[in-house]
Structure formats: structure tokens, C-alpha cells
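The values are calculated or read from the model by the stated rules, or taken from the named source; none is laboratory data. Given the structure is predicted, the values throughout are model-derived calculations rather than measurements. Cβ coordinates were reconstructed from backbone atoms using ideal geometry, including for glycine residues, and neighbour counts include every protein chain displayed.
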Amino acid sequence: MLVQKTGQSVEVFSATSVGGGSINQAFHLFTNVGDYFVKLNQAAKFPEMFEKEEQGLALLAECGGVNVPRVVGTGIGGADSFLLMDWVEQGVPQLGFWEDFAASLALLHQHSQSQFGLAVNNYMGSLPQSNRLHDDWADFFMVERLLPLLQNAFDAGQLDNKDRSAFENFFLQVPGIFPSEPPALIHGDLWNGNYMVGNEGRVVFIDPAVYYGHREMDLAMTRLFGGFDPRFYKAYNECFPLLPGWENRVDFCNLYPLLVHLVLFGTSYRSSIRNILKPFL
């Protein structure tokens, strides 16, 4: 693939294992034509996972002003699929990094379409993510995001009948919880492990789970595992003001990533879900 892309003979000097999250194997490739990042996983277990990631990165890049790694390509070698990208050298945040980050995200969120969802399905982590189109955010949030994972967790014994009842009561309130906004193109998995500081000191978005959703989903997830710098939220609100009460909706948005973590990693996330749903018992 590199030979085709570069038009040169390619020699791989070495491959060093790097952090690729809890899902993929990842390596830093040192070659005579540059440094690259490659992710590997089982092709049969996660069909088209990297093709979907490539599509998501391309969609982000089309927005302009949003930095993503350049994808060289995807493919299958033996039993593994792979995603090959340019290596992004970790940099030092430039002055105004958080303000620039917020402006990039606000720009992304101003890209819209007529319905919530996406023309193709993709993945959230290693879980298939349905993006079937809906006219209404509440319907999309319940049907495409929460209900499949709720059923999955219930079948696996990770949630019980009391939890299911709390969710059912919550679903009755969802249409009145979220303010009406047009669908926004969102990163979809924007926690503090899914961005990098590039060598120019600006944010680089990685590992997206894109779809057109409610933009508060991205803002909420930035606060799930420790939160971003307060300057980020102040700058975002200046670029693209959030509707009043958004902070009160953060936990409701985060039911989705918490259910994802419950299904993937076990019951240590159950207490967080139950705390959010206490008012609906």
C-alpha cells in the first residue's frame, strides 16, 4: 500500500508497539518514506471497522478547520484488518489551545443535515453503532442509542428489572428533556483520550464515532472522564452558545457512553448509570 501511495520502494526499519486503547493493537512504523501509525484487529470479529473509521475521519476533514490524521488506507492481511495513517508527533499545546479546540468543535457542530443519524452505520469503540435516520432527536436517542444497549446489558445480567423500569420511566420524559436543535455533525466519542496535540500545538481529532446528533452529546462526553479545561467550555459558548440548562442534561447524554462501557467492560459502570436514573425509579 505504501509503495502504491508513495511510488517508492519501501523498507520498514522497525515497528514499535504503542497504546491503541483497549480494543486494537497499534504500532509506530519507522520506514524510509516516513513514520506511520497502524492499527490491527480481527477482520471477522469487527467487519469494516477500520473502513468506518476512515469514513468518519474523512467526514470530519471535509468540514475544514478540523484537524485529523491523514489516512493512507485500510485493508486485510491474513486474519487481521488494518488502518494505516500518517504518524502524528505529539506536540506541546500552543497558546490558546483550548480556545482553538473549542472553535474547531463549534465549527464541526455547525454542519447539519435534515435528519438525525447517518447514511451508514459504524462503531462506538468495538460495538456496532446503528445510525438509522430519524426526524426527531428523542426518538433517535432512545431507539438507536439506548434501547439496544439496555437490552444487551439486561440479557447479560448486567442490569435488572428495576433498572429496566427506571429506563422506561426515563424514556417517557426524554421528549421534554432536550431542547430542539438541528442535527449537528458530532465526533461521537469525544473523551480526553480521543484527541491529540499535534506537532504544531493544535488539536487533532482521532477515533471518531460520527453521526448527526444533538451537539450536547459531544459536550457531555468531554466531561465524562475528568472533563476538559474550563477555558474550553467558555470559548465554545462564545463561538456557538449552548441553550440554557445544558449542564443539567450532561448525565442524561452520558447514559449512552456509560452503557457502552458497561457492556464492554463490566459492572463497574453500573453504579454511575443507576445514580443518573434514581429520579426515575
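One table, with the values for the structure above:
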| item | result |
| --- | --- |
| Residue within the stretch 10-22 that is polar (S, T, N, Q), surrounded by fewer than 14 Cβ atoms within 10 Å (Cβ to Cβ) and within 21 Å of L190 (Cα to Cα) present | yes |
| Failed item, numbered, when G96 is tested on (1) at pLDDT below 95; (2) more than 22 Å from the chain's Cα centre (by Cα); (3) surrounded by 12 or more Cβ atoms within 10 Å (Cβ to Cβ) | (1) |
| Filter result (surrounded by 16 or more Cβ atoms within 10 Å (Cβ to Cβ) and not in a loop (DSSP other than H, G, I, E, B)) within the stretch 23-43 | A26, F27, L29, T31, Y36, F37, V38, K39, L40, N41 |
| Set Y256, Y212: member being of a type in the set (S, T, Y), in contact with a Leu (Cβ under 9 Å, 6 or more places away or on another chain) and not in a helix (DSSP H, G or I) | Y212 |
| Options P257, P244, P230, P182; residue that is closer than 27 Å to A119 by Cβ and surrounded by fewer than 19 Cβ atoms within 10 Å (Cβ to Cβ) | P182 |
| Options G266, G198, G213, G245; residue that is closer than 27 Å to L83 by Cα and more than 17 Å from the chain's Cα centre (by Cα) | G198 |
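Matching residues to (1) part of a helix (DSSP H, G or I); (2) touching a residue at least 40 places away in the same chain (Cβ under 8 Å); (3) outside the structural domain of G125 (by TED's automatic domain parsing):
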residue: F46; (1), (2), (3): no, yes, yes
residue: F50; (1), (2), (3): yes, no, yes
residue: E53; (1), (2), (3): yes, yes, yes
residue: G56; (1), (2), (3): yes, yes, yes
residue: L60; (1), (2), (3): yes, yes, yes
residue: C63; (1), (2), (3): no, yes, yes
residue: V66; (1), (2), (3): no, yes, yes
residue: G75; (1), (2), (3): no, yes, yes
